[in-house]
Amino acid sequence: MKKILLTGGNGFFGTRLADFYRGKYEVIVTDKDDLDIVNEEEVVNAFKEMKPDFVIHAAAIAVTDFCNKHPELAYKINVQGAINVAKACKEVGAKMVFISSEQVFNGNDNRGPFNEESTPVPNTVYGENKLEAEKLIKEILDEVWVLRFTWQFGLPQRGFNMASNILWDTMTAIMKGEKIIAPTNEFRGMTYVYELIEQFDKIFEIPYDTYHVGSVNNLSRYDVVKFIIKQLGLEHRTEEILEADTEKYSDNPRDVRLDTSKLAKFGIKFGTTEEGIVRCLNEFKIKL
Ligand SMILES: NC(=O)c1ccc[n+]([C@@H]2O[C@H](COP(=O)([O-])OP(=O)(O)OC[C@H]3O[C@@H](n4cnc5c(N)ncnc54)[C@H](OP(=O)(O)O)[C@@H]3O)[C@@H](O)[C@H]2O)c1
């Protein structure tokens, strides 16, 4: 059985991925308590001991505001940590998956969907970190897949971590009776986390390269929230729950959508964000 070493294994993505692939691969789950990626020696020693075939590097500080407020810490984990993991992969001959983000395109004046040839212009510490890490890792290692993720969504599960996401954030706001104010000029891909996870090991079969990953989405953030409200059976309460923010990004729409056709050529295909939302709610049997 091939061995996958997962960093950031306690996170939103990592907990679900590890659970899904247990049995098909030997999945070694690590997180900062047992493998702090900032400590190069610890990482190299751990990799030498565990001898993974694949390393999925999901550890990061992934909260944009936190990274902006703590740029040194963010750099240490998001860039230096990724370099340490790449060096350790090289040392033991492991193949690496580096998880990057749509946020490398956050500062682009031109609109998405962006493909892998588009020039990224990040304008947050998190986006800058991811872009720099992509570049530096490729200088260390040839056997690396760089995956730029769209925004993931999913629902709570026992023992699995959560992260802010469009579906759960909408549901919690409704439960708290908070009004949701959503921009009509913001566009981004939003992907059901299991749609991604279930296809994830196909990545190990494709050429080493950079790929854009996730759902196609032609709706604004406002329209996605409106769609979720409808799917929850609360369409009659839309005006009470949701308000359009037409001002934010009105000068220059925020559009960080990713063109994922390069990955589709290898048979890794995603449905629309709307399809992902319907599927997720069906799988969790949710109707309010
Ligand atoms: N979720 C998304 O929508 C999304 C979109 C694009 C890209 N991504 C990327 O996908 C990956 C997984 O995201 P996620 O949503 O699962 O994030 P997450 O829930 O925050 O998981 C990241 C994990 O990394 C751990 N970590 C932080 N510092 C570490 C260190 N020094 N050593 C080892 N582990 C450390 C975190 O631990 P603590 O929580 O204890 O700090 C956390 O368990 C990240 O690289 C993220 O940048 C995510």
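Among the lysines, select those whose C-alpha is under 20 Å from the C-alpha of LYS226, and discard any that sit fewer than 8 residues away in the same chain.
Straight-distance partners of LYS226: LYS176, LYS179, LYS248, LYS285, LYS287.
Sorted by packing (mean other beta-carbon atoms within 10 Å per residue), highest first, where do 98-104, 272-278 land?
Put in order of decreasing packing, that is 98-104, 272-278.
Which of ARG188, ARG237, ARG158 moves most in a GNM of the chain, Cα contacts under 10 Å?
Greatest mean-square fluctuation among the candidates belongs to ARG158.
So which chymotrypsin sites (Phe, Trp or Tyr not before Pro) in segment 238-288 end up in coil per DSSP with only 15 or fewer other C-beta atoms within 10 Å? It would help to have the intermediate numbers written out before the result.
Details: sites: TYR249, PHE266, PHE270, PHE284; in loops: TYR249, PHE266, PHE270, PHE284.
Hits after loop and neighbour filter: PHE266, PHE284.
Evaluate the charge dipole of segment 94-141 about its Cα centre and quote only its size in Debye, nearest 20, assuming +1 on the Cβ of each Lys and Arg and -1 on the Cβ of each Asp and Glu.
Magnitude of the dipole: close to 140 debye.
How long are the three semi-axes of the equivalent ellipsoid of the chain, in whole Å, if each is the root of 5 times an eigenvalue of the C-alpha gyration tensor, listed from largest down?
On the way: eigenvalues 207, 88, 63 Å².
So the three semi-axes of the chain are 32, 21, 18 Å.
So how do 28-34, 10-16 stack up, highest first, on mean other-Cβ count within 10 Å?
10-16, 28-34
If I model a spin label at THR119 and LYS176 as a point 7 Å from the Cα along the Cα→Cβ vector, what separation in nanometres do I get?
Roughly 4.1 nm, to one decimal.
Treat every Asp and Glu Cβ in the chain as -1 and every Lys and Arg Cβ as +1, leave all other atoms uncharged, and give the resulting dipole magnitude about the Cα centre to the nearest 20 debye.
Here the chain has a charge dipole of around 700 debye.
Using a probe of 1.4 angstrom, how much of the accessible area of segment 1-111 is carbon and sulfur, in percent?
Solvent-exposed carbon and sulfur of segment 1-111 make up 47 percent of the total.
I'd like the distance between the alpha-carbon centres of segment 118-176 and segment 177-232, rounded to an integer number of Å.
Centre-to-centre distance over Cα atoms comes out at 11 Å.
Compute for segment 223-288: radius of gyration divided by Kirkwood radius, i.e. Rg/Rh, restricted to C-alpha atoms, rounded to two decimals.
My calculation of the ratio gives 1.08.
Can you tell me, using C-alpha contacts under 8 Å and at least 6 residues apart, the relative contact order of segment 131-288 as a whole percent?
That works out to 32 percent.
List the chymotrypsin sites (Phe, Trp or Tyr not before Pro) in segment 154-188 that DSSP assigns to loop (not H, G, I, E or B) and whose Cβ has at most 14 other Cβ atoms within 10 Å. Which are they?
Working: sites: PHE160, TRP168, PHE187; in loops: PHE160.
Sites meeting the loop and neighbour criteria: none at all.
How high is the relative contact order of segment 212-288? Use alpha-carbon pairs under 8 Å, at least six apart in sequence, and give a whole percent.
Normalised by residue count, the contact order of segment 212-288 is 54 percent.
Whole-Hz Karplus ³J(HN,Hα) for segment 251-259, in order, using 6.51 cos²θ - 1.76 cosθ + 1.60 and θ = phi - 60°, x for Gly and Pro?
5, 8, x, 7, 9, 10, 5, 10, 8
Rounded to the nearest 500, what is the 222 nm mean residue ellipticity of the chain from helices alone, with -39500 (n - 2.57) per DSSP H run of 4+ residues and division by all residues? Could the numbers behind the result be given before it?
Working: 12 runs with 106 residues, N = 288.
About -10500 deg cm²/dmol.
Consider a paramagnetic label point 7 Å from the Cα of LYS48 along Cα→Cβ; state which residues of segment 92-121 have an amide N under 12 Å from it.
Answer for segment 92-121: 92.
Show me 127-137, 52-62 ranked by packing, highest mean number of other Cβ atoms within 10 Å first.
Top to bottom by mean Cβ count within 10 Å: 52-62, 127-137.
Is there a pair in LYS95/LYS269; LYS48/LYS135; LYS230/LYS262 whose C-alpha atoms are over 26 Å apart, and which pairs would that be? Mind dumping the intermediate values first?
Numbers: LYS95/LYS269 23 Å; LYS48/LYS135 24 Å; LYS230/LYS262 33 Å.
Checking Cα-Cα distances, LYS230/LYS262 exceed 26 Å.
Please enumerate, by chain and number, the lysines with C-alpha under 16 Å from the C-alpha of LYS24, excluding those fewer than 8 residues away in the same chain.
Once the sequence-local lysines are set aside, what remains near LYS24 is LYS2, LYS3, LYS202.
The values are calculated or read from the model by the stated rules, or taken from the named source; none is laboratory data. A quick note: this is a predicted structure, and the numbers were derived from the prediction, not measured. Positions of Cβ are backbone-derived with ideal geometry, glycine not excepted, and every protein chain shown enters the neighbour counts. Note: areas computed on protein heavy atoms with side chains; ligands, DNA, RNA excluded. Shrake-Rupley method; radii C 1.70, N 1.55, O 1.52, S 1.80 Å.
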